Amino acid sequence: MAYPWLRQKRVRRDYSRKSFSNPLFSPVREGGIRWRRWLTALAAAVAVIGWVWFAAFSPAFRVTDIRIHGTQNLSEWEVRDAVRETLARRRWLLLPQSSLLVLSEADVIAGLNERYVLESLEVTKKPPHTLEIDLKERVSSILLQMPDGSQVMTGLDGTVTRIYAPSEALDAVPKLGPDKGEAASRAKPPAYAVLYDDRAETFALRASAIRPEVIAMATALPKAFESVLGPAMALTQIHLDGAASQSLRIVTSEGWAVYLNASGDLRNQLNDAQAVLKAKIGDNRKNLEYIDVRFGEKVFFKLRS
């Protein structure tokens with residue numbers, strides 16, 4: 001026999017409406033948690049800003065030593081000045097590239113390539129203060145002397161490798177010896193020929209300025225001239241009537257000129273000039289204005305009236 005009053009009563013437990021707390025810990029308010037989060041974020045931001053300042057603005061990683069390797073015709077100081085121009089710029093519009101940690105090697109390479117045409121270029125950062133530039137210059141072949149006083153250096157293929165403003169112009173005619181008061185030892189003469197461009201032209205870096213056959217003839221002219229016409233008379237200047245021209249006008253130390261075809265055989269043309277000197281000019285060379293040997297067997301010359 002069952003007795004209903006002896007049944008245990010079910011107790012409804014509503015856990016969602018009750019709050020339970022550990023008496024051993026004091027309750028934490030929601031406002032306190034929010035302040036802790038703000039303080040943590042602030043501390044992290046201060047740490048990041050401090051690290052950025054240390055890496056970018058402190059002298060700990062400032063570039064103070066720029067080492068240049070591989071220069072031949074270029075001066076180390078002008079390459080170094082070009083690098084310093086990049087160091088003076090900002091990266092991401094804010095951080096100075098004078099810091100080795102901020103500096104971009106690609107920016108240094110781009111800055112140097114704006115000024116020079118190089119065979120190879122490598123930039124290496126060596127913490128904490130050293131930047132090394134290893135470069136290989138493209139072989140220079142011709143120095144174009146322009147009418148306005150500027151100069152253009154080209155490679156063996158006629159490509160412009162360097163442009164000099166009139167204020168930066170190199171000596172177009174190498175000195176034959178030291179001046180009075182100078183030391184007997186002097187720098188070796190430049191390893192490029194000098195061409196005088198008679199037209200007012202402008203060239204851009206890496207543009208084609210001279211035909212390859214003109215470069216070949218201008219490079220071979222000094223030795224060939226001495227070999228055919230003798231050492232008593234010197235070759236003083238080589239003129240080019242514009243970059244597209246195939247004619248060269250060489251001026252001798254006696255004041256008269258020879259017109260050459262850059263596509264023709266150099267030695268044969270010089271032999272024709274020598275034959276005219278002996279057979280037609282003789283002792284009247286002081287009145288000679290020019291000899292034109294550009295047209296094969298048809299040789300022309302002009303005497304001053």
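Where a number appears in this text, it was derived from the coordinates with a stated rule and is not lab data. Small disclaimer: the values here were computed from a predicted structure and weren't measured. As a convention, Cβ positions derive from the backbone with ideal geometry for all residues, glycine included, and neighbour counts pool all protein chains shown.
In the neighborhood of residue 151, defined by Cβ-to-Cβ distances under 12 Å, what is the net charge if each Lys or Arg adds +1 and each Asp or Glu adds -1?
Numbers: positive: 162; negative: 148, 168, 171, 197.
Result for the local shell: -3.
Stretch residue 62-residue 49 to full length: gain in nm at 0.36 nm per residue minus the Cα-Cα span?
In short, 2.9 nm is gained.
How much length would be gained if the chain were fully extended between residue 80 and residue 263, taking 0.36 nm per residue of separation minus their Cα-Cα distance, in nm to one decimal? Please list the in-between numbers first.
Values: separation 183, 0.36 × 183 = 65.88 nm, distance 4.13 nm.
Between residue 80 and residue 263, full extension yields an extra 61.7 nm.
Sort 120-127, 56-63 by the packing proxy (mean of other Cβ within 10 Å over each peptide's residues), most packed first.
Values: 120-127: 13.2, 56-63: 15.2.
The peptides rank, most packed first, as 56-63, 120-127.
Please list 38-44, 231-237, 65-71, 128-134 highest first by mean number of surrounding beta-carbon atoms within 10 Å per residue. Provide the component values of the computation, followed by the final result.
On the way: 38-44: 10.0, 231-237: 12.9, 65-71: 14.6, 128-134: 16.4.
So the peptides 38-44, 231-237, 65-71, 128-134, ranked by packing, come out 128-134, 65-71, 231-237, 38-44.
Set the Förster radius R0 to 30 Å, insert the Cβ-Cβ distance between residue 216 and residue 124 as r into 1/(1 + (r/R0)^6), and round the FRET efficiency to 0.05.
Working: r = 38 Å, r/R0 = 1.26.
E(calc), rounded to 0.05, equals 0.20.
Can you grab the distance from the C-alpha centre of the stretch 199-272 to the C-alpha centre of the stretch 56-134, Å, no decimals?
40 Å
I'd like the antiparallel share, as a percent to the nearest 5, of DSSP beta bridges with both residues in the stretch 59-137.
Values: 11 of 16 bridges.
Taking every DSSP beta bridge within the stretch 59-137, about 70 percent pair in antiparallel fashion.
Figure the gain on full extension for residue 91 and residue 200 (residue separation times 0.36 nm, minus the Cα-Cα span) and round it to one decimal in nm.
35.3 nm
What is the ratio of the Cα radius of gyration of the stretch 59-137 to 2.2 N^0.38 Å, where N is its residue count, to two decimals? Display every interim value, and only then the final one.
On the way: Rg = 11.9 Å, N = 79, 2.2 N^0.38 = 11.6 Å.
Cα-based Rg divided by the globular estimate yields 1.03.
Using a cut-off of under 12 Å, list every residue of the stretch 248-276 whose amide N is near the label point 7 Å from the Cα of residue 289 along the Cα-to-beta-carbon line.
Of the residues in the stretch 248-276, 257 have backbone N under 12 Å from the label point off residue 289.
Hey, which aspartates and glutamates would be in cross-link range of residue 125, C-alpha to C-alpha under 14 Å, not counting anything within fewer than 8 residues on its own chain?
List returned: 65, 105, 107, 134.
Rank-order 247-258, 283-294 by packing density, defined as the average count of other C-beta atoms within 10 Å over each peptide's residues, highest first.
Numbers: 247-258: 18.5, 283-294: 16.1.
By packing density, highest mean first, the sequence is 247-258, 283-294.
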